[in-house]
Amino acid sequence: MKGVQSVTVLALVNTGSRYEKPAWGGISHFLEHMVFKGTEKYPTAQDLAAAVDAVGAEFNAFTSKEYTGYYVKAASEHMPLAIDVVSDMLLTPTLRKDDLDREKGVIVEEINMYNDTPMRHIGDIFEQVLFAGSPLGRDIIGTKETVRGLSREDFVAYVKEWYGLGNVVLTVAGDATVVGGDSIVRDIEHAFSKKSDTSNRKNGGKRALKTFTKKLFAGERVKVEYKKTDQAHFIMAVPGITRTDPQRYALEVLSAIFGGNMSSRLFTEVREKRGLCYYVRSDLDYYHDTGMFGASAGVDPTRVEEAIRVVREEFFHLLDTQGPRVITESELQRAKDYMTGSTILDMEDTKSVANHYGATQLLTGKTETVEEELEKIRAVQLADVRAIAKKLIDEKRLYFVMIGPFEKQEKFAKLMTG
């Protein structure tokens, strides 16, 4: 990347919460915490943080249902340190029992925090309903019971199963003068060949595609969870498509039209015209074998039924082929221009670039440049958008979940049938 003076070193591991044993629920996320407690070269959490802080860098990690990431973002001159820290976190975490026992309390409080934050928790509940009976339906963070039940031996076994180097994609993005330099390959090879117990680690991700649940979307489709709140939070959506589906780009454009920005249909109709909410947006997610597409909102509980009706009407208006709510060519072009511009802005950040290339390689097995992705967005036609809307949007496939001060869900179930 020209014109930047920083680099991001990102390691993505091909495992997440969907691959965990039920008794190990939350171990992927818990391990993400544990690698910050010390490594062979940086024995304590303070040593590790001090090494990064000393050069003004930032480091963090994240866990999803299908992959886990660890990164350091630093000034270009400190790229060798960034590579060294990431490799140490992956290869030589200490996993001390006293750190593990102490961190259980931290994660239990994190669970409490999420449960007390309906805007955050609604997504977990929705996937519990949408993917009931599947590992995708389990929360990434696990439960208090599974977290408290994990032992050091469990972590050692989990690392052995999933953290083989063949199951990791390493991406370095940033300053072209160092990323394209002669020393980068040498620095990486040195860092990832350091003495560590990795010879017995497996590459479990290669078996991941064989572990998908065959039966999905067989449970209840409406759930209302009572909570005394000043705002009702809901998600209304249908099962979607996989991340490698050729209709993906058409769906992303459709999502932008529906609720991707402040000039979208949802924002205009629900917030601007009626003042029913603070936030409202389209939701879109992909997995290896499925996905979801719909909308979420936080609304006034006294006007929740009106808000639900409007969101549902706008959702089904995406199917219109004539009349005032039909998707137009100009609306399509605005959505594509918005996506192009926002992608270009995102790609000015080294962390975003690293994640784009790393995640694409890890999850699809190929590398797609940003320009190739933009070309696919620009190529989307009106017929493509209408085709994916027709394929997905169906009253019989509609799911609805809400958190709010409501004890009965029957009337909300009726709203889902129009």
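Annotations for the structure displayed:
- Residue, farthest from PHE126 (Cα to Cα), within region 280-304, restricted to residues that are more than 19 Å from the chain's Cα centre (by Cα) and in a strand (DSSP E or B): VAL299
- Yes/no for GLU331 being of a type in the set (D, E, K, R), more than 24 Å from THR244 (Cβ to Cβ), part of a helix (DSSP H, G or I) and touching a helix residue (DSSP H, G or I) at 6+ places or on another chain (Cβ under 7 Å): yes
- Beta carbons closer than 8 Å, at least 6 apart along the sequence or on distinct chains, pair a first residue in region 151-164 that is in contact (Cβ under 8 Å) with a residue 40 or more places away in the chain with a second that is surrounded by fewer than 14 Cβ atoms within 10 Å (Cβ to Cβ) for ARG152/LYS97; LYS160/ASN200.
- Within region 225-238, residues that are more than 20 Å from ARG312 (Cα to Cα) have Cβ atoms under 7 Å from residues that are at pLDDT below 95 in these pairs: TYR226/GLU407, counting only partners at least 6 apart in sequence or on another chain.
- Of all residues making up region 165-182, the number that are more than 23 Å from the chain's Cα centre (by Cα) and in contact (Cβ under 8 Å) with a residue 12 or more places away in the chain: 5
- Set ALA307, ALA256: member being within 22 Å of GLU410 (Cα to Cα), in contact (Cβ under 8 Å) with a residue 24 or more places away in the chain and not in a loop (DSSP other than H, G, I, E, B): ALA307
- LEU31 falls short on exactly one of the conditions (1) part of a strand (DSSP E or B); (2) more than 28 Å from ASP346 (Cα to Cα), and that condition is (1).
- For ASN112, the criteria (1) surrounded by 12 or more Cβ atoms within 10 Å (Cβ to Cβ); (2) in contact with a Lys or Arg (Cβ under 9 Å, 6 or more places away or on another chain) hold in every case but one, which is (1).
- Look at (1) modelled with pLDDT of 95 or more; (2) surrounded by fewer than 18 Cβ atoms within 10 Å (Cβ to Cβ) and you find that ILE377 fails only one, number (2).
- Of all residues making up region 37-66, the number that are more than 20 Å from ILE188 (Cα to Cα), surrounded by fewer than 20 Cβ atoms within 10 Å (Cβ to Cβ) and within 23 Å of the chain's Cα centre (by Cα): 2
- When each of TYR399, TYR357 is tested for being among the hydroxyl-bearing types (Ser, Thr, Tyr), within 29 Å of ASP300 (Cα to Cα) and at pLDDT 95 or above, the lone residue that passes is TYR399.
- Take the conditions (1) at positive phi; (2) surrounded by 16 or more Cβ atoms within 10 Å (Cβ to Cβ); LYS336 misses just one of them, which is (1).
- Hits in region 68-89 (condition: surrounded by 23 or more Cβ atoms within 10 Å (Cβ to Cβ) and among the hydrophobic types (A, V, I, L, M, F, W, C)): VAL72, ALA74, MET79, ALA82, ILE83, VAL85, VAL86, MET89
The values are calculated or read from the model by the stated rules, or taken from the named source; none is laboratory data. As the structure is a computational prediction, the values presented were derived from the model and not from experiment. Using ideal geometry, Cβ is built from the backbone for each residue, glycine included, and neighbour counts are taken over all protein chains shown.
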